[in-house]
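Structure record follows, encoded as structure tokens.
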């Protein structure tokens, strides 16, 4: 059982380049999330999707867009990458709203030069 | 002000010690409280879950929630070197939005 799969695991970009982080879950979960983790800042919510077809902003949405392509997939796009977006990005999914456990992927390490 | 505050540590304790980890929060709508453990270069994993106020015990771990003080705690008894990790508190209210603390790095030395 793969759980939550993120691709790519590592990426180096130049300032201004665009890229998409892909996330897929095979647990039939309704809710999916994108977080970024920076030293001393913990996990900060970028966007989340409570169900297929819906997305909502989190704490730090500026500079990002998301797409909930279907129930399994939730992608995060950086249209014009900036050095401040250098971070580790985690995708997560949750089966039951509010009370369910959040299952995380292994993370995607992004460096913007 | 962040909605959830957590001391980043690091916290270094000897094996066998009792560890106390804490978070405070400002949003009175929070009613679901969780503790996640994260090993280096891995995604977080759920350790404890508590609804509303009260205590919950699971083996060497005890989670406490005091909603009147907006304060939650995680206690680890008989700490082991394998407990060395970053511990993150997380909480949510009626929406599906889950907010995390900054995490406390714990090191248990033999």
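Of everything in the range A:84-96, what is surrounded by fewer than 16 Cβ atoms within 10 Å (Cβ to Cβ) and either at the interface with another protein chain (Cβ under 9 Å from one of its Cβ atoms) or at pLDDT below 95 (or both)? Give them in sequence order.
A:95, A:96
Quickly run through the range A:56-102 and pick out the residues that are in a loop (DSSP other than H, G, I, E, B) and in contact with a helix residue (DSSP H, G or I) (Cβ under 7 Å, 6 or more places away or on another chain).
Residue satisfying the conditions is A:63 alone.
Check off (1) free of Cβ contacts under 8 Å to residues at least 60 places away in the same chain; (2) farther than 25 Å from residue A:5 by Cβ; (3) surrounded by fewer than 13 Cβ atoms within 10 Å (Cβ to Cβ) for residue B:70 and give me the number that stays unchecked.
For residue B:70, the failing item is (3).
Step by step: first the residues of the range A:103-113, then only those that are more than 15 Å from residue A:39 (Cβ to Cβ) and in contact with a helix residue (DSSP H, G or I) (Cβ under 9 Å, 6 or more places away or on another chain), then the one that is surrounded by the fewest Cβ atoms within 10 Å (Cβ to Cβ). Which residue is that?
Checking each candidate, the answer is A:113.
Residue check: is residue B:9 within 14 Å of the chain's Cα centre (by Cα), within 11 Å of another protein chain (Cβ to nearest Cβ) and part of a loop (DSSP other than H, G, I, E, B)?
yes
Results for (1) without any contact (Cβ under 8 Å) to a residue 40 or more places away in the chain; (2) farther than 25 Å from residue A:96 by Cβ, shown as yes or no for each residue.
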site	(1), (2)
B:57	yes, no
B:78	no, yes
B:90	no, no
B:95	yes, no
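Could you list all residues from the range A:27-48 that are touching a residue at least 12 places away in the same chain (Cβ under 8 Å) and at the interface with chain B (Cβ under 9 Å from one of its Cβ atoms)?
If the condition is that a residue be touching a residue at least 12 places away in the same chain (Cβ under 8 Å) and at the interface with chain B (Cβ under 9 Å from one of its Cβ atoms), then A:30, A:31, A:33, A:35, A:37, A:43, A:44, A:45, A:48 are the ones that fit.
Among the candidates B:16, B:43, which residue alone is more than 16 Å from residue B:92 (Cα to Cα), outside any strand (DSSP E or B) and away from every other protein chain (no Cβ under 14 Å)?
The match here is B:16.
The values are calculated or read from the model by the stated rules, or taken from the named source; none is laboratory data. This one's a predicted model, so the numbers in the text were calculated from it and none came from an experiment. Here the Cβ is made from the backbone with ideal geometry for all residues, glycine too, and neighbour counts use every protein chain on show.
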